[in-house]
Structures are given as C-alpha cells and as structure tokens.
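**Student:** Just passing along the structure, written as structure tokens.
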Amino acid sequence: MKITLVQQEIMWGDKTANLTTFENIVKTLYGQTDVVVFPEMFSTGFSVDKPELAEGTDGEAIQAIKRWAREGNFAIASSFMASENGKSYNRGFFCQPDGTIQFADKRHLFIGDEQKHFTPGDKHLDVEFRGVKFRVLICFDLRFPVWSRNFSGNEYDVLIYTANWPKDRIEAWDALTVARAMENQSYVCAVNAIGTDSYSVQHNGHSVMLDPRGKCIASFEEWEAGTRTVEIDMAYLDKVRNRLPFWKSADQFRVEC
C-alpha cells in the first residue's frame, strides 16, 4: 500500500484558498497512491475562535474531500472544523473512494482556546481500507499513549496523526512519534503543517513516516511544502510483531471518557 504525506502551509481562516491549494495538490496524485494524509484542520487552519468557519459533515470541505477521493481512487485522512447541535468539534475523518466516510472527534483538546471553544471526542477513528487497518488521531492526542495504544497488537497497522504542531515544541513531536511507533509496533504517519498561524505561532513541519521499529522511511526538510509517497510493507510489519510481540506484555487500562 502507498501512503502520501502532504506537508503544506494553511491559510488561517481562508477556506476558499485552502480548498484550492489542496485540490491542486491532490490532482497531481490521482491514480498514484492509496491514502493521502493532510495536516490538521486543513480547510481553515487552527482558527478555533471563529465558529462561523465550522460546517456539518455534508459541508463544503467534506464534499470536496469526497470528490477528490472518488476522482483520485484513494482515501483521504485529516480533520476539519465541524459543527453539530450548536457545538464545535475538531473532527477527524477517513474518506474512501466510494464515498464511505468515518468520523471521530479529537479527544485531547489543547490548552486554551481549543478547550474553550470545542467539545472533546470519546471514541477512536478506526477503519480498514484495502486490507490495512488505520487509526486516525489528532495533534495533541500524540502526547497521550493510552489513547494511542494498540492493545491487541492488531487494532491497527498504521497510526495516523494529523497536526498543527508548533516549532517551539517540535522536539516533543520528533520524540513522541518514534515512541508511538515503537510501543505500538505499527507504522506511524505523522503529518504537520508549516507556516505561521493567526496566533503568530510558527509551524516548521517535521512530517514523517516511521516503520514499526521507529525507523524513518520518509521525511521533509524544515518549512518544506510538498508531498512524500511511501509504500508500506505488511509482511515486514507481521514479521516484527510476530518475532517480538511486545503488545502481549502491555498494561491494560480502561479509558473513562
């Protein structure tokens, strides 16, 4: 299976510009990959204090995602600013080419405005596509290993993090993505944004694909806008898990949402 990481600057609060940018990118990938992963809140940026940008699950952003997935014959994963029953959510999604789309909301909301304006989620986004199992988590969720845990060793094969992770804490991103790959014996696809947001916070990328032993198999230069496509090896994943099944010794937790 081929997975494409899209590291890109997001125009904060400008949905029209962002949809145009990502459409131009995905058109170059049509027929070339199986899964495309965008940074967190790809259509608006992290503009959590602008509820007018939120939309339902049949809004402009998701309609575009469904069209791109269908035309490109690939799945797309990311998150968007969602509105439902008067509440706002940072809503992750995984959209398949046939229009099937699954959602789950970001569990761990970042300190400050996201906690102030958004409502946290209480379920995982787990999906199987073309014989590969995925889990999609969002940015700050990376810091919480229990929420990411592959308890059975077979809940997912690829752990996706879609993010707007800041430059001044990028060392944590670099360390924790590797830790999540190693402890869960899974591929980790971590896609971050670049640029400067509406809070004057800088984002320098460091998007990466890691193998189940934490080895980097795809990366970007700092501040680089572009794509990387990597083919994951399911036979290698099975070999790693079967040779040393660390998950069998994992502590069991109950997550109370």
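**Student:** Which of the residues spanning region 9-43 are crowded, with 24+ Cβ neighbours inside 10 Å and either part of a loop (DSSP other than H, G, I, E, B) or among the charged types (D, E, K, R) (or both)?
**Tutor:** Correct list: Ile10, Phe38, Pro39, Glu40, Met41, Phe42, Ser43.
**Student:** In region 99-136, which residues are under 16 Å from the mean Cα position of the chain (by Cα), within 17 Å of Ala163 (Cβ to Cβ) and outside any loop (DSSP other than H, G, I, E, B)?
**Tutor:** Ala104, Asp105, Leu125, Phe134, Arg135, Val136
**Student:** Something else about it: Report yes if some residue within region 179-193 is touching a residue at least 40 places away in the same chain (Cβ under 8 Å), of a type in the set (Val, Ile, Thr), buried (at least 17 other Cβ atoms within 10 Å of the Cβ) and in contact with a Phe, Trp or Tyr (Cβ under 8 Å, 6 or more places away or on another chain); otherwise report no.
**Tutor:** If we filter region 179-193 for residues that are touching a residue at least 40 places away in the same chain (Cβ under 8 Å), which is where we start, we get 183-187, 189-193.
Next, only the ones that are of a type in the set (Val, Ile, Thr) stay: 191.
Adding the requirement that they be buried (at least 17 other Cβ atoms within 10 Å of the Cβ) leaves 191.
If we keep only those that are in contact with a Phe, Trp or Tyr (Cβ under 8 Å, 6 or more places away or on another chain) as well, we get 191.
Yes: one or more hits.
**Student:** Do you know which residues across region 128-182 are at pLDDT below 95 and among the acidic types (Asp, Glu)?
**Tutor:** Glu155, the sole residue that qualifies.
**Student:** Can you find a residue in region 91-98 that is closer than 25 Å to Val230 by Cα, assigned to a loop (DSSP other than H, G, I, E, B) and touching a Phe, Trp or Tyr at 6+ places or on another chain (Cβ under 7 Å)?
**Tutor:** Looking through region 91-98, at least one residue is closer than 25 Å to Val230 by Cα, assigned to a loop (DSSP other than H, G, I, E, B) and touching a Phe, Trp or Tyr at 6+ places or on another chain (Cβ under 7 Å).
**Student:** OK, next. Quick one: in region 138-170, of everything that is in a helix (DSSP H, G or I) and of a type in the set (Val, Ile, Thr), which residue is surrounded by the most Cβ atoms within 10 Å (Cβ to Cβ)?
**Tutor:** Ile170
A quick yes/no check of all residues on (1) within 24 Å of His124 (Cα to Cα); (2) hydrophobic (A, V, I, L, M, F, W, C); (3) in contact with a helix residue (DSSP H, G or I) (Cβ under 8 Å, 6 or more places away or on another chain):
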| position | (1), (2), (3) |
| --- | --- |
| Ile160 | yes, yes, no |
| Ala190 | yes, yes, yes |
| Asn204 | no, no, yes |
| Lys215 | no, no, no |
| Ala218 | no, yes, no |
| Gly226 | no, no, no |
| Leu244 | no, yes, no |
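**Student:** Can I ask one more? Inside region 198-249, counting only strands (runs of 3 or more DSSP E) that do not spill past its ends, which hold 2 or more residues that are touching a residue at least 12 places away in the same chain (Cβ under 8 Å) and within 15 Å of Arg180 (Cα to Cα)?
**Tutor:** The qualifying strands (runs of 3 or more DSSP E) are 208-210.
The values are calculated or read from the model by the stated rules, or taken from the named source; none is laboratory data. In this text, all values refer to a predicted model and were calculated from it rather than measured experimentally. All Cβ positions, even for glycine, are placed from backbone atoms using ideal geometry, and neighbour counts span all protein chains on display.
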